[in-house]
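Q: The structure follows.
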Amino acid sequence: MNLPNKLTVMRVIAIPFFVAFMLIPVNGVSCEGWCKWTALALFVAASLTDLLDGRIARKYQLITNFGKFMDPLADKLLVCSALICLVELDRIPAWITIVIIAREFVVSGIRLVAADDGIVIAASNWGKYKTTFQMLMVGFMIGDLPQLDIITQILMWIAFALTLISMVDYIVKNRGVFKKL
């Protein structure tokens, strides 16, 4: 268990605590005051581990099969958990969350079919941009500051567009995978 893998595992372990701070009501209100800021701090810390684990793994040649599998899974769990919490708190439309989660299933399905043939599909730049903007969007939505609403909305639409673009990119680049079905 090397450092990048430990960071990935820490990200997964942080998710239930993040969800608890997002949804457990304090004085009858979810995600307000110190709970909101604790949830945001956990989300930012978990997001930063995503940045760190990949860089460390590549720099020191610590890339493992566990990391290849768990790192993207941890990202999906973190972002999807956050989006579901934000739907519950009425901060993001459910349909946008459904599209984002559906994209993750589509891409994961393509990767699974390819893996069955021994093909590893690396994350594309579009997928990396998508993840970055989704994490920024989620952070702004957790913070829920009215003076930043316009920025939050812009981030949401950019993240949504990148979600669609990256999904189309994966489908087009890996269309050969579908011929085997």
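The values are calculated or read from the model by the stated rules, or taken from the named source; none is laboratory data. This one's a predicted model, so the numbers in the text were calculated from it and none came from an experiment. Please note: Cβ atoms are built from the backbone with ideal geometry, for glycine as well, and neighbour counts cover all protein chains shown. Please note that ligands, DNA and RNA were not included when accessible areas were found on the heavy atoms of the full protein model with its side chains. Shrake-Rupley method; radii C 1.70, N 1.55, O 1.52, S 1.80 Å.
Q: Consider the candidate values (1) 17.1; (2) 16.4; (3) 18.3; state which one is Kirkwood radius over Cα pairs in Å computed from the structure displayed.
A: The value matching this structure is (1).
Q: Another question, then. Note the angle between two axes, namely the Cα long axis of helix 94-116 and the longest principal axis of the Cα atoms of the chain, as a number of degrees from 0 to 90, rounded to the nearest 10.
A: 20 degrees
Q: Sticking with this structure for a sec: Need one value: the accessible area of residue 104 in square angstrom, 1.4 angstrom probe, rounded to the nearest 10.
A: 10 Å²
Q: If amide hydrogens are placed 1.01 Å from N in the peptide plane, which non-local residues have theirs closer than 5 Å to the one on residue 92?
A: Correct list: 87.
Q: What's the local net charge at residue 13, with K and R +1, D and E -1, over the other residues with C-beta under 15 Å away? Present the calculation step by step, with values, prior to reporting the outcome.
A: Working: positive: 6, 11; negative: 50, 53, 71, 75.
Within the 15 Å Cβ shell, the charges total -2.
Q: Which percent of the accessible area of segment 1-96 is formed by carbon and sulfur heavy atoms (probe 1.4 angstrom)? Each step should come with its number before you reach the end.
A: On the way: 3690 of 5270 Å².
So the carbon and sulfur contribution to the accessible surface is 70 percent.
Q: Mean separation of Cα pairs under 8 Å and 6+ residues apart, divided by the residue count of the chain: what relative contact order is that in percent? Before the final figure, lay out the partial values.
A: Details: 157 pairs, mean separation 41.0, N = 181.
Taking the mean separation of contacting Cα pairs over the length of the chain, I get 23 percent.
Q: Determine the dipole magnitude for the chain: charges of +1 sit on the beta-carbon of Lys and Arg, -1 on that of Asp and Glu, nothing else is charged, the reference point is the Cα centre, and the result goes in debye to the nearest 20. Show your work: numbers first, answer last.
A: Numbers: 17 positive and 13 negative charges, 152 e Å.
Value, rounded to 20: 740 debye.
Q: Let me have the 222 nm mean residue ellipticity of the chain computed from DSSP H runs of 4+ only, each contributing -39500 (n - 2.57), with the sum over all residues rounded to the nearest 500. It would help to have the intermediate numbers written out before the result.
A: Details: 7 runs with 143 residues, N = 181.
Mean residue ellipticity, 222 nm, calculated: -27500 deg cm²/dmol.
Q: Add +1 for every Lys or Arg and -1 for every Asp or Glu among the other residues with Cβ under 12 Å from the Cβ of residue 76, and state the total. Let's see the in-between values first.
A: Numbers: positive: 11, 103, 111, 130; negative: 50, 71, 75, 104.
Summing Lys and Arg as +1 and Asp and Glu as -1 gives 0.
Q: Using the heavy atoms of the protein chains and a 1.4 angstrom probe, tell me the accessible area per residue for segment 52-181 in square angstrom.
A: Details: 7370 Å² over 130 residues.
With all protein chains present, segment 52-181 gives 57 Å² per residue.
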